[in-house]
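The values are calculated or read from the model by the stated rules, or taken from the named source; none is laboratory data. This is a predicted model, so every value here is computed, not measured. Backbone-built Cβ (ideal geometry, glycine too); neighbour counts: all protein chains shown. Heads up: the accessible areas ignore ligands, DNA and RNA and are worked out on the full protein's heavy atoms, side chains in. Shrake-Rupley method; radii C 1.70, N 1.55, O 1.52, S 1.80 Å.
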Amino acid sequence: MSLLSRPIRARRALAGLVLLAATACTTGPSLENQGEVTAPPGDSKELTIGSAGFTESDLLAQMYALLLERAGYSTDIISVTNREIYEPALESGQIDVVPEYAATFADWLNAKANGADAAPVGSPDLAATMKALRALAAPRGLTVLDPGRAVDQNAFAVAASYAKKHNLKTLSDLGRANLPVRLAAGDECVQRPYCAPGLEKTYGIDIVAVDPKGVGTTQAKQAVQNGQDQVVLTTTTDATLDEFGLVLLADDKKLQNADYVVPVVNRARAGSDGVRDALGRLNTVLTTADLASMNEQVDSWRRLPEDVARTYLESKRLIPKG
């Protein structure tokens, strides 16, 4: 979406992006400054919400803004596509709230604290992942709120006709079928433990080649649609699978990490019960399927994220119709 077509709420905050990029990497509470970490949770009534700039993050940021405004807060949204910029800005209080993904953010903070070669702390176990994430976030003045039901994980899809022919519903079914599989994915899939090596080790799937067409790209899906490849790496909230005649195979042995959606807040500015309660209202209703549907409305139907977010929250009676 072009800058001119962004919702006004998002456009207002973009004026500070240059300053944010210039200062975010050098600001934020020192890990040695425990006074900032142990200070009482703040409750600023004017909050800036960060979006990572892709459709799903934009939708989540818009929903956060609408829920917080319903609870009496004034909000702006800023789009910062680089985590290396927006996470330090979250620490410094230039951004107050960001939608994140539990396992991915845990591993990112772990690498930041302990080096790029640190053993991953994200795992398929949500409780263990959240415990590790909160332990890493707290010294940085960040509070990780509770996850809901929605999860955006790596996922694997096949042609619906292929699934029907071989009676496939799960990745275990594919392994038992003992079929040679060409996998359309990114280059890194050859080495990533949750991609080709994991499919082979956990499910016994015979990966004969990785076709480097990217994660969930049109080209990758078309390759599976036309039979050039048998499986495509995508995500659980991919809204375009039906367009290509594809279906997801269930990750029944839980190979993928627990990338549940979690709000992360700056404790000193947005760590209050008011913020927690406002955003927590989304946890009981938002599902993975809901996110996929909203992604489709933006990406395929060309609706604005703010309009889709508002309609969804109104339909769940989390905000009044207006």
For residues in the range 164-178 being more than 16 Å from residue 248 (Cβ to Cβ) and not basic (Lys, Arg), which is surrounded by the fewest Cβ atoms within 10 Å (Cβ to Cβ)?
178
Tell me, which residue of the range 300-315 that is open to solvent by less than 70 Å² (accessible area, probe 1.4 Å) and outside any helix (DSSP H, G or I) is farthest from residue 59 (Cα to Cα)?
300
Picking from 239, 278, 220, 270, which residue would you name as being in contact (Cβ under 8 Å) with a residue 60 or more places away in the chain, open to solvent by less than 10 Å² (accessible area, probe 1.4 Å) and in contact with a Ser or Thr (Cβ under 9 Å, 6 or more places away or on another chain)?
270
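Just name the residue that is farthest from residue 270 (Cα to Cα) out of those in the range 109-125 that are touching a helix residue (DSSP H, G or I) at 6+ places or on another chain (Cβ under 7 Å) and of a type in the set (A, V, I, L, M, F, W, C).
So the first thing to find is which residues in the range 109-125 are touching a helix residue (DSSP H, G or I) at 6+ places or on another chain (Cβ under 7 Å), and the list is 109-110, 113, 118, 120-123.
Restricting the remaining residues to those that are of a type in the set (A, V, I, L, M, F, W, C) gives 109, 113, 118, 121.
Values: 109: 20, 113: 23, 118: 30, 121: 26 Å.
The qualifying residue farthest from residue 270 (Cα to Cα) is 118.
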Got at least one residue in the range 148-157 being over 18 Å from the mean Cα position of the chain (by Cα) and open to solvent by less than 10 Å² (accessible area, probe 1.4 Å)?
yes
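Working carefully through the options 208, 247, 181, find the one that is among the hydrophobic types (A, V, I, L, M, F, W, C), open to solvent by 50 Å² or more (accessible area, probe 1.4 Å), more than 22 Å from residue 108 (Cβ to Cβ) and without any contact (Cβ under 8 Å) to a residue 60 or more places away in the chain.
On the way: 247 fails: without any contact (Cβ under 8 Å) to a residue 60 or more places away in the chain; 181 fails: open to solvent by 50 Å² or more (accessible area, probe 1.4 Å).
Exactly one of 208, 247, 181 is among the hydrophobic types (A, V, I, L, M, F, W, C), open to solvent by 50 Å² or more (accessible area, probe 1.4 Å), more than 22 Å from residue 108 (Cβ to Cβ) and without any contact (Cβ under 8 Å) to a residue 60 or more places away in the chain, namely 208.
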Subset of the range 184-197 that is surrounded by 15 or more Cβ atoms within 10 Å (Cβ to Cβ) and over 21 Å from the mean Cα position of the chain (by Cα) - its residue that is modelled with the lowest pLDDT
190
Within the range 123-149, count every residue that is closer than 19 Å to residue 194 by Cβ and touching a Ser or Thr at 6+ places or on another chain (Cβ under 7 Å).
2
